[in-house]
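Asks: Below you'll find the structure I mean.
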Amino acid sequence: MICLDTNFIIDLLNNNSEAVKKVGEIEGEVLATTSINAFEVFFGIYTKKGNKENELTSFKNLLDNLEIFNFNLNSAFLASKIKAELQGEGKQISPMDSLVAGTIFANHCNCILTDDKHFSRIKGLKVESY
C-alpha cells in the first residue's frame, strides 16, 4: 500500500510527466491518501483565481479511486509522538507532515509517495520518490 502525498497528487492532476510515469510503475498497488492531504489539495484549488470546477471534479474523481485514511485520535497520538521525537533530535518537520505521517501509520501503512525530503526523517516510513 502506498500513500500519495499532496505534492504528488498536485503533480498528477497537472499531468506532470514524472508523476504520470510513476503511476504506471506502481500499477497494481493499493493507493491511498489522507484526509489531511485532501484538505491541502482542496485548499490549493479554492485559493486559485478563476473557475475551479474542472480541477475539483478531477480531484474528486481521483479520490474516488483511492483509499482515504482519516485523521483520528490514534493518528493524533502517533503524529504528536513523531513531531516530539524529531524536535528532540533537532530535526524539523511541518505540523501538517507530522499529521500525515501519524495518519499513515495509524492505518497500518508505512510508505509515502512524495518528493518532500522531510518525510525521510521519520523512522519507519519508507519514502518513495518520483
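Asks: Report yes if Lys49 is charged (D, E, K, R) and in contact with a Ser or Thr (Cβ under 9 Å, 6 or more places away or on another chain), otherwise no.
Replies: Numbers: charged (D, E, K, R): yes; in contact with a Ser or Thr (Cβ under 9 Å, 6 or more places away or on another chain): no.
Considered against the rule, which asks whether it is charged (D, E, K, R) and in contact with a Ser or Thr (Cβ under 9 Å, 6 or more places away or on another chain), Lys49 comes out as no.
Asks: If Glu55 passes every condition in (1) out of contact with any strand residue (DSSP E or B) (no Cβ under 9 Å at 6 or more places or on another chain); (2) closer than 22 Å to Ile2 by Cα; (3) in contact (Cβ under 8 Å) with a residue 12 or more places away in the chain but one, which one does it miss?
Replies: (2)
Asks: For region 65-86, check the following and say yes or no: at least one residue is more than 18 Å from Leu125 (Cβ to Cβ), more than 12 Å from the chain's Cα centre (by Cα), surrounded by 15 or more Cβ atoms within 10 Å (Cβ to Cβ) and without any contact (Cβ under 8 Å) to a residue 40 or more places away in the chain.
Replies: The answer is no; no qualifying residue exists.
Asks: Check whether at least one residue in region 72-90 is closer than 17 Å to Cys3 by Cα and outside any helix (DSSP H, G or I), and report yes or no. Step through it out loud before you land on a result.
Replies: Kept after step one, since they are closer than 17 Å to Cys3 by Cα, are these residues of region 72-90: 72, 75, 78-79.
Filter once more, keeping what is outside any helix (DSSP H, G or I): 72.
Checking region 72-90: at least one residue is closer than 17 Å to Cys3 by Cα and outside any helix (DSSP H, G or I).
Asks: Turning to a different aspect of this structure: Could you grab me the full set of residues in region 89-130 that are of a type in the set (Val, Ile, Thr) and in contact with an Asp or Glu (Cβ under 9 Å, 6 or more places away or on another chain)?
Replies: First, pick out the residues of region 89-130 that are of a type in the set (Val, Ile, Thr): 93, 100, 103-104, 112, 114, 122, 127.
Passing the criteria: Val100, Ile112, Thr114, Ile122, Val127.
Asks: If you don't mind, another one. Let me confirm something: among Phe105, Phe119, which residue is within 13 Å of Thr34 (Cα to Cα), under 14 Å from the mean Cα position of the chain (by Cα) and of a type in the set (Phe, Trp, Tyr)?
Replies: On the way: Phe119 fails: within 13 Å of Thr34 (Cα to Cα).
None of the others qualify; the one that does is Phe105.
Asks: Moving to a separate point now. Could you grab the pairs with beta carbons closer than 6 Å, sequence gap of 6+ or different chains, first residue in region 94-111 and in a loop (DSSP other than H, G, I, E, B), second one of a type in the set (D, E, K, R) and surrounded by fewer than 24 Cβ atoms within 10 Å (Cβ to Cβ)?
Replies: Asn110/Lys126
Asks: Would you pick out the residues in region 3-17 that are closer than 17 Å to Phe119 by Cβ and touching a helix residue (DSSP H, G or I) at 6+ places or on another chain (Cβ under 8 Å)?
Replies: Step one: of region 3-17, the residues closer than 17 Å to Phe119 by Cβ are 3-11.
Cys3, Leu4, Asp5, Thr6, Phe8, Ile9, Ile10, Asp11 - these are the residues of region 3-17 that are closer than 17 Å to Phe119 by Cβ and touching a helix residue (DSSP H, G or I) at 6+ places or on another chain (Cβ under 8 Å).
Asks: Only one of these conditions is not met by Cys111: (1) in contact with a helix residue (DSSP H, G or I) (Cβ under 7 Å, 6 or more places away or on another chain); (2) surrounded by fewer than 19 Cβ atoms within 10 Å (Cβ to Cβ); (3) under 20 Å from Ile10 (Cβ atoms). Which number is it?
Replies: Just one mismatch for Cys111, condition (1).
Asks: In addition: Just checking, does region 122-130 include any residue being part of a helix (DSSP H, G or I) and touching a helix residue (DSSP H, G or I) at 6+ places or on another chain (Cβ under 7 Å)?
Replies: Just the residues of region 122-130 that are part of a helix (DSSP H, G or I), to begin with: none.
Checked region 122-130: no residue is part of a helix (DSSP H, G or I) and touching a helix residue (DSSP H, G or I) at 6+ places or on another chain (Cβ under 7 Å).
Computed from the coordinates by the stated procedures, all read-outs in this text should not be read as laboratory data. Treat the numbers as computed from the prediction; the structure is a model and nothing was measured. As a convention, Cβ positions derive from the backbone with ideal geometry for all residues, glycine included, and neighbour counts pool all protein chains shown.
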